[in-house]
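Chemist: Structure incoming, see below.
No lab work stands behind these numbers, since they all come straight from the coordinates. Keep in mind it's a predicted model, so treat the numbers as computed, not measured. Here the Cβ is made from the backbone with ideal geometry for all residues, glycine too, and neighbour counts use every protein chain on show.
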2 protein chains.
Amino acid sequence: MSNSTPATIEDVARIAEVSIATVSRAIHMPEKVANSTRLKVSQAIAMTGYTTNAMARSLRLGRSNMILVVAPDIGDPNFSNILVGLENEARAHGYGILIGHTQNDAQRGLEYLKFLNSNQAAGLILFTGILPFGHQTMTARLPPSVGVFEPVFNGGIPYVGVDDIEGARKAIDLLLAEGHRKIAFIGDSRTRLAYTRRRMGYEAGLDAAGVGADLRIVLEGDGTIESGRLAIEQLFMRDTLPTAFMCVNDQTAIGVMIGLGARGYDIPRDFSVTGFDDVPQAAFMSPALTTIRQPRTMIGKHAMALLLELLSDGQPAETEILLRPDLVVRNSVAAPSREWTKR
Amino acid sequence: MSNSTPATIEDVARIAEVSIATVSRAIHMPEKVANSTRLKVSQAIAMTGYTTNAMARSLRLGRSNMILVVAPDIGDPNFSNILVGLENEARAHGYGILIGHTQNDAQRGLEYLKFLNSNQAAGLILFTGILPFGHQTMTARLPPSVGVFEPVFNGGIPYVGVDDIEGARKAIDLLLAEGHRKIAFIGDSRTRLAYTRRRMGYEAGLDAAGVGADLRIVLEGDGTIESGRLAIEQLFMRDTLPTAFMCVNDQTAIGVMIGLGARGYDIPRDFSVTGFDDVPQAAFMSPALTTIRQPRTMIGKHAMALLLELLSDGQPAETEILLRPDLVVRNSVAAPSREWTKR
DNA sequence: ATGGTCTATGTAAAGGTTTACATAGCTTCT
DNA sequence: AGAAGCTATGTAAACCTTTACATAGACCAT
């Protein structure tokens, strides 16, 4: 009973007085097995405490029940909630989650490829804007994969996330409604699709409001706190300043607020700031950040569901699932107080 | 070359013109194989792009190269940094990380046990103060396990974390040095060892400073934001108030600050507050929280190293590895301004 | 009664690896 | 020269499943 070695299907078969094939069938295709036999088998299973050896099963089946989740940085404040969604959905379907982080190091990425090549993972969730494996040649060898949170720039991989354009539009519309006209967009990027789309929302909103190109300011950034701070430095060397900052994500917004704070400005009195993502700390900042919420758990759930579908069907399925982003109004936006011209 | 089915050891053997046994040996015990043969094999491996099928290997070896990490809540702000440490160390030794979260549901915990029983995971990292599997009967069947961040209350499992007593002592000593005498401890718990120890540090510090028991206030809590807020509610029904709050962790401190803020008090002018853990948002609160830093990545690294050692040796090894906690001084502590008596 | 169909079960192969045991060729010692 | 000991390699079993194929019995229709 409490043997040292775990029970095998053979032990169960012996006790139930059937063949191992019948045991396997009783477990996986119960309708193919007589009621009486099924009962004997389940009793034997209970007696032995048998659990299927996943290794043997995966070997025989040629596929594992693990999904590899690769992120550039596990510490990303968006990561954990997405993970919750992914994990719940996976577990509900008998899959487990394997995680890895590349720290933007292609070498690292390749190491994780081994999990895939060695059949340890059946599918791949990519939490990154760019395929983390050196040469794209790999793409051909990639197992069923789904991008999550950020569209995968160079992979042609189905993707589940938020409608970035719509989200950005909500942010810019709020600022416009408050009376802002000169609004800077902080964090443009040519290689990150999500950022490009957010900028598109920004432009679309200004277009719709009839705000001319001369009032638009766009600065690049990579979405880090530091990039936000840096953007402020750059901006203050200009002739004219905006009255509001629409940031490509919350991290950037934090950097912007730090930069502004360091120069003695008050938010939202002197400048308004918006973020994107609604990371956990957004609510705790002072002022609390007005931002666009990503339904992270939902994103994870949908992404995993899509991946599992891919695994069983093999069909390419839809390319993008876009969830609705919500505006979260807190305290970092107010009406513009004065015009900032030459200082 | 770019075959659809991945290359097996047999393919390699055929090309290298040796037996599969030799290939296996060339990979895993290179010194047992002649130089010339080894070369032929490695060339064949390069040609075929062969990678060992981990399933077959684990099946044969009777153990996997996966470590299961179980936490009650993946979203815990302490989790991700620990995970980074765990993952780095694991990967460096050829292990992968499987994650699960129980949400304090024993049923869930049991589901994860299956990963262990089915040989899918060789070891277990527990990020929880209490064994997440229903009956402790399981303990006997548990694989090599290591508790991390918080000592495991009921498991008798080796543990890697921070010296809670020393950390708490640093916090209480700071408050005492600022002139506080009446200091409340928020978040005591009989079932969470870490919390008990932090309270011990609190008591020891007051003892050493000669502060009598009549000036001590201890309130229970479970380490959530809500529990901190609730403690404030309770406390304000008392005759006398403390001048400082030493909180069992940062979440509790956040709750305390919210509660105090809601009543119109200013921190640190009216009350001082300390936390424990130094979660990422601690620095972004206003005022920024003075707290005790956990070297999270290091904790993760050491825990995984210990587990891997256990896996190879099978020795019980040392029971606890305690890292040094650091005091992080920010803006939530100041000298007491006045005595709070009857209100 | 014969043949056919269907259902429940058993037999055995296959999946890719590691490794105990066997073997064969050398080297070394007496 | 023969025995003994090494070294490098090969053969084949074992790890635990799943499932194609085979079989046997029951039922039904003719």
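Chemist: So which chymotrypsin sites (Phe, Trp or Tyr not before Pro) in the range A:149-252 pass both tests, a DSSP loop state and at most 13 other Cβ atoms within 10 Å of the Cβ? Walk me through the numbers on the way to the answer.
Modeler: Values: sites: A:F149, A:F153, A:Y159, A:F185, A:Y195, A:Y202, A:F236, A:F245; in loops: A:F149, A:F153, A:F236.
Of the chymotrypsin sites (Phe, Trp or Tyr not before Pro), the ones in loops of the range A:149-252 whose Cβ has at most 13 other Cβ atoms within 10 Å are A:F236.
Chemist: Ok, one more. Over all residues in B:112-121, what is the mean tally of Cβ atoms on other chains that come within 10 Å of each residue's Cβ?
Modeler: Working: counts 2, 1, 5, 5, 1, 8, 11, 7, 11, 2.
Taking the mean over all residues of the peptide, I get 5.
Chemist: Measuring from a point 7 Å out along Cα→Cβ, what nm distances, shortest first, does A:A335 have to its partners in the other copies?
Modeler: Distances to the matching label points in the other copies: 4.5 nm.
Chemist: Using DSSP to define loop residues, name the GluC sites (Glu not before Pro) in the range B:1-109 whose beta-carbon has at most 15 other beta-carbon atoms within 10 Å.
Modeler: Values: sites: B:E10, B:E17, B:E31, B:E87, B:E89; in loops: B:E17.
Sites meeting the loop and neighbour criteria: B:E17.
Chemist: Based on a Kirkwood Rh over C-alpha pairs, give the Stokes-Einstein translational diffusion coefficient of the protein assembly as shown at 37 °C and viscosity 0.692 mPa s in µm²/s.
Modeler: Numbers: Rh = 28.0 Å.
Estimated via Stokes-Einstein, D reaches 117 µm²/s.
Chemist: For helix B:296-313, report the angle its Cα long axis makes with the longest principal axis of the Cα atoms of chain B; keep it between 0 and 90° and round to the nearest 10°.
Modeler: Roughly 40 degrees, rounded to the nearest 10.
Chemist: Remind me, relative contact order of the range B:164-293 in percent, using alpha carbon pairs under 8 angstrom and six or more residues apart? Spell out each step's value before the answer.
Modeler: On the way: 235 pairs, mean separation 34.5, N = 130.
Relative contact order, the range B:164-293: 27 percent.
Chemist: Turning to a different aspect of this structure: Could you give me the percent of Cα pairs per 5 Å distance bin for the range B:71-162, shortest bin first, beginning at zero and ending with the bin that holds the maximum distance?
Modeler: All Cα pairs considered, the percentages come to 3, 13, 25, 29, 21, 8, 1.
Chemist: May I ask you to list the lysines whose Cα is less than 16 Å away from that of B:K182, ignoring any residue fewer than eight positions away on the same chain?
Modeler: Of all the lysines, those that pass the test against B:K182 - Cα under 16 Å, at least 8 places apart if same chain - are B:K342.
Chemist: Specify whether the C-alpha gyration tensor of the range A:22-107 places it in the rounded, prolate or oblate class, a ≥ b ≥ c being the square roots of the eigenvalues: rounded for a/c under 1.5, otherwise prolate if a/b is larger than b/c and oblate if not. Intermediate values should be presented prior to the final figure.
Modeler: Numbers: a/c = 3.70, a/b = 2.69, b/c = 1.38.
Since a/c reaches 1.5 and a/b is larger than b/c, the shape of the range A:22-107 is classed as prolate.
Chemist: Another question, if that's okay. What does the convex hull of the alpha-carbon atoms of the range B:164-293 project to on average, in nm²?
Modeler: Working: hull surface 27.9 nm².
If I average the Cα hull's projected area over directions, I get 7.0 nm².
Chemist: What is the helix-to-structure angle for A:79-92, meaning the angle in degrees between its Cα long axis and the longest Cα principal axis of chain A, kept from 0 to 90 and rounded to the nearest 10?
Modeler: 30
Chemist: Diagonalise the Cα gyration tensor of chain A and give the resulting equivalent ellipsoid semi-axes, square root of 5 times each eigenvalue, largest first, whole Å.
Modeler: On the way: eigenvalues 549, 71, 58 Å².
Largest first, chain A gives 52, 19, 17 Å.
Chemist: Another question about this same structure. Of the trypsin sites (Lys or Arg not before Pro) in the range B:148-237, which ones lie in a loop per DSSP and count no more than 11 other C-beta atoms within 10 Å?
Modeler: Numbers: sites: B:R169, B:K170, B:R181, B:K182, B:R190, B:R192, B:R197, B:R198, B:R199, B:R216, B:R229; in loops: B:R181, B:K182, B:R190, B:R192, B:R216.
Loop-located and lightly packed - B:R190.
Chemist: Right, another one. Report, for B:E226, each distance to the same residue's label point in the other copies, shortest first and in nm; define the point 7 Å along Cα→Cβ.
Modeler: Result for B:E226, in nm, nearest copy first: 4.0.
Chemist: Now for a separate question. Using a cut-off of 12 Å between beta-carbons, work out the net charge of the residues near B:P325 (Lys and Arg +1, Asp and Glu -1, B:P325 not included).
Modeler: Numbers: positive: B:R169, B:K170, B:R197, B:R198, B:R293, B:R296, B:R324; negative: B:D163, B:D164, B:E166, B:D277, B:D278, B:D326.
Around B:P325, the charge tally is +1.
Chemist: So, one more: Based on alpha-carbon positions alone, could you give the equivalent ellipsoid semi-axes of the range B:192-233 from the gyration tensor, as √(5λ), descending, whole Å?
Modeler: Numbers: eigenvalues 96, 38, 7 Å².
Taking √(5λ) for each eigenvalue gives 22, 14, 6 Å, largest first.
Chemist: Once both labels are modelled 7 Å past Cα along the beta-carbon direction, what's the B:I258-A:R216 spacing in nm?
Modeler: 4.0
Chemist: If you don't mind, there's one more thing I want to ask. Angle between the Cα long axis of helix A:35-48 and the longest principal axis of chain A, 0 to 90 degrees, nearest 10?
Modeler: Approximately 70 degrees, to the nearest 10.
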